[in-house]
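Read the structure below first, then the notes.
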Amino acid sequence: MTRARTRDTAGLDGKILDELRAGMRGDVIVAADAGYDEARAVWNGSIDRRPGAIAKCAGVEDVVHAVNVARSADVLVAVRSGGHSFGGNGVCDGGVVIDLADMKGIRVDPDRQRARCQGGVLWGELDQATQQFGLATPGGVISHTGVAGLTLGGGLGWLNRKHGLSCDNLVSAELVTADGETMHVSENENPDLFWGIRGGGGNFGIATSFEFALHPVGSVLAGMTLFDIDHAADVARFTQEWAPSAPRELSTVFAMASAPPEAFVPGPMHGAPVVVILWCWAGDPDEGERIVAPLTRVVPPVGAMMASMPYPVWQTAQDASWAHGTRMYGKSSYLHEVTADAAEVMADAIRARQSPLSQIALHQVGGAVRDVASDATAYPHRAPEWNAVIAGVWQDEPDGAEIETAWARECWSALEPHMTGDMYVNFITDEGGDLVQRAYSETYTRLVEVKQRYDPTNFFRVNQNVRPG
């Protein structure tokens, strides 16, 4: 086995920077430049790393050049597309950030129902382009998430039950590998690498473009219903009976968070911990109203809203709550059921939190996700019905990170008896090691083999890392 590189935090000398600049059409930003702090910032505001250089790639040639320079100089590389990971994997200390954020090309073929986009495109940008033709591909739940990171890790979102994961809708991609080679991957070209990037993260190369299958998606019926936290067990029982048996057009999130200050929530409830059912219906609106009508009959809700809107609008509904610069620490696992006991554990945790921003959300999976075999892609978690995300969130309190990180870990431990033990790689923060293996479970051994073939020195390791075998 080839030993991994170790020069992780070494500074970049002038010769390396000169070589990097000489072959770039895009900018190379260093600490002395006015835009350095903005360029090194990522979505998670708790991440504060100082790379030696940020290579703002203008195209594939820039990506190839940056990879070749970094490999020859033996310096650490981080890859940034949307910069939207919990663990801040789009930036590193001391090395080179290969930044694709300026690579924004999008092309939609409505006749073939296909879309191509470059590696720096965000989901909101892709949704706006495809919606001009009444089409969409499954994305996440926040519009400023990067297409690349979400897709490479699997891709949970509002259209999963009807159309599968983001990675299930990936038709082909272009990658720059650790040796600077540009490769086209699909079911017929380099199929082992194509298998690996559908859930295996950024372990095998830098994805510079994606081709997705599109589906007819126009307006959706969407909304939320809020309940007093004391009714958590009753709402959980209803949700478990109702949501998995609903038509695939419906996707649901069962959450516990602070009541928002919108007009549909009574004033005394603003900021109070509540149970929230968020839902999205991608089908006939009249049928959707009938399907969601029982929500208001579980127990008396404290607030509710429902509206028909373009799909990209619903994709922005949570943007403000998860704005860039939000400080957070996340834990995650899967559950087969939302039981009353699990709901009580969640309710106790929400009552005990110190930050009103911290929350717990169970994202429904199921439906079309189960139509794909568990070993057909690197993403293996096809059986569970729910993915739990426990997010400790704080502002700028001096001890906020310590308190909310501890809260998230304690909540996760309390919920662990109700969980499957598996992880969703996109929601792992910084644990690494055994938890990365748990994120892939039955596909991990094959991922190691693919890693050994395409990145035997572990050049791409600022990620949820699969080490070469």
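Every residue, every condition in (1) on the phi < 0 side of the Ramachandran plot; (2) among the acidic types (Asp, Glu); (3) surrounded by 15 or more Cβ atoms within 10 Å (Cβ to Cβ), yes or no:
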{"site": "351", "(1), (2), (3)": "yes, no, no"}
{"site": "365", "(1), (2), (3)": "yes, no, yes"}
{"site": "383", "(1), (2), (3)": "yes, no, no"}
{"site": "396", "(1), (2), (3)": "yes, yes, no"}
{"site": "401", "(1), (2), (3)": "yes, no, yes"}
Original post:
Is there any pair linking a residue in the range 331-359 that is without any contact (Cβ under 8 Å) to a residue 24 or more places away in the chain and assigned to a helix (DSSP H, G or I) to one that is among the acidic types (Asp, Glu) and buried (at least 24 other Cβ atoms within 10 Å of the Cβ), with Cβ under 7 Å and at least six apart or on different chains, and which?
Top reply: none
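Restricting to the range 308-318, and then to whatever is open to solvent by 20 Å² or more (accessible area, probe 1.4 Å) and touching a helix residue (DSSP H, G or I) at 6+ places or on another chain (Cβ under 9 Å), can you tell me which residue is nearest to residue 276 (Cα to Cα)?
Within the range 308-318, the subset open to solvent by 20 Å² or more (accessible area, probe 1.4 Å) is 308-310, 313, 316-318.
Then keep just the ones that are touching a helix residue (DSSP H, G or I) at 6+ places or on another chain (Cβ under 9 Å); that gives 308, 310, 316.
On the way: 308: 19, 310: 22, 316: 17 Å.
Among residues in the range 308-318 that are open to solvent by 20 Å² or more (accessible area, probe 1.4 Å) and touching a helix residue (DSSP H, G or I) at 6+ places or on another chain (Cβ under 9 Å), the one nearest to residue 276 (Cα to Cα) is 316.
Identify all residues within the range 400-412 that are of a type outside the set (A, V, I, L, M, F, W, C) and more than 22 Å from the chain's Cα centre (by Cα); write none if there are none.
400, 402, 410
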Original post:
Quick check: is even one residue across the range 187-203 touching a residue at least 24 places away in the same chain (Cβ under 8 Å), within 16 Å of the chain's Cα centre (by Cα) and on the phi > 0 side of the Ramachandran plot?
Top reply: yes
**OP:** Identify the single condition in (1) surrounded by fewer than 24 Cβ atoms within 10 Å (Cβ to Cβ); (2) assigned to a strand (DSSP E or B) that residue 207 does not satisfy, given that it satisfies every other one.
**Re:** (1)
**OP:** Run residue 468 past the list (1) more than 13 Å from residue 196 (Cβ to Cβ); (2) open to solvent by less than 20 Å² (accessible area, probe 1.4 Å) and report the number of the one that doesn't hold.
**Re:** (1)
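Out of all the residues in the range 31-51, which are open to solvent by 20 Å² or more (accessible area, probe 1.4 Å) and either touching a Leu at 6+ places or on another chain (Cβ under 7 Å) or among the polar types (S, T, N, Q) (or both)? Break it down stepwise before answering.
Going through the range 31-51, the residues open to solvent by 20 Å² or more (accessible area, probe 1.4 Å) turn out to be 31-35, 37-38, 40-41, 45-50.
Of everything in the range 31-51, just one residue is open to solvent by 20 Å² or more (accessible area, probe 1.4 Å) and either touching a Leu at 6+ places or on another chain (Cβ under 7 Å) or among the polar types (S, T, N, Q) (or both), namely 46.
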**OP:** Report the residue count in the range 165-177 for those that are open to solvent by less than 10 Å² (accessible area, probe 1.4 Å) and either assigned to a loop (DSSP other than H, G, I, E, B) or within 19 Å of residue 383 (Cβ to Cβ) (or both).
**Re:** 4
**OP:** Return the total of residues in the range 69-94 being in contact with a Cys (Cβ under 7 Å, 6 or more places away or on another chain) and more than 24 Å from residue 401 (Cα to Cα).
**Re:** 1
Original post:
Can you name the residue in the range 242-269 that is within 29 Å of residue 352 (Cα to Cα) and surrounded by fewer than 13 Cβ atoms within 10 Å (Cβ to Cβ) and is also modelled with the highest pLDDT among such residues?
Top reply: 261
Subject >> Contacts under 6 angstrom Cβ, first residue in the range 166-183 being on the phi > 0 side of the Ramachandran plot, partner at pLDDT 95 or above and open to solvent by less than 20 Å² (accessible area, probe 1.4 Å), 6 or more apart >> reply: 180/67
**OP:** Give the range 327-346 a look and list any residue that's crowded, with 21+ Cβ neighbours inside 10 Å and more than 18 Å from residue 409 (Cβ to Cβ), or say none.
**Re:** 338, 343
Original post:
Scanning for something acidic (Asp, Glu), assigned to a helix (DSSP H, G or I) and open to solvent by 10 Å² or more (accessible area, probe 1.4 Å), does the range 319-326 turn up at least one residue?
Top reply: no
**OP:** Six or more apart or on different chains, Cβ under 8 Å: which pairs go from a residue in the range 292-318 that's closer than 17 Å to residue 126 by Cβ to one that's open to solvent by 60 Å² or more (accessible area, probe 1.4 Å)? Could you list them?
**Re:** 310/219; 311/219; 312/128
Original post:
Does residue 200 count as open to solvent by 10 Å² or more (accessible area, probe 1.4 Å) and within 13 Å of residue 454 (Cβ to Cβ)?
Top reply: no
Subject >> Residues satisfying the stated conditions in the range 436-457, i.e. of a type outside the set (A, V, I, L, M, F, W, C), within 11 Å of residue 203 (Cα to Cα) and open to solvent by less than 10 Å² (accessible area, probe 1.4 Å) >> reply: 451, 455
Original post:
Can you name the condition, by its number, that residue 384 falls short on among (1) outside any loop (DSSP other than H, G, I, E, B); (2) closer than 30 Å to residue 42 by Cβ; (3) of a type outside the set (Lys, Arg)?
Top reply: (1)
Original post:
Failed condition for residue 108, given (1) open to solvent by 20 Å² or more (accessible area, probe 1.4 Å); (2) in contact with a Ser or Thr (Cβ under 7 Å, 6 or more places away or on another chain); (3) under 27 Å from residue 40 (Cα atoms), with all others met?
Top reply: (3)
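The values are calculated or read from the model by the stated rules, or taken from the named source; none is laboratory data. No experiment lies behind these values; they were computed from the predicted model shown. In this analysis, Cβ positions are derived from the backbone assuming ideal geometry, glycine residues included, and neighbour counts consider all displayed protein chains. All accessible areas refer to the heavy atoms of the entire protein, side chains included, with ligands and DNA or RNA removed. Shrake-Rupley method; radii C 1.70, N 1.55, O 1.52, S 1.80 Å.
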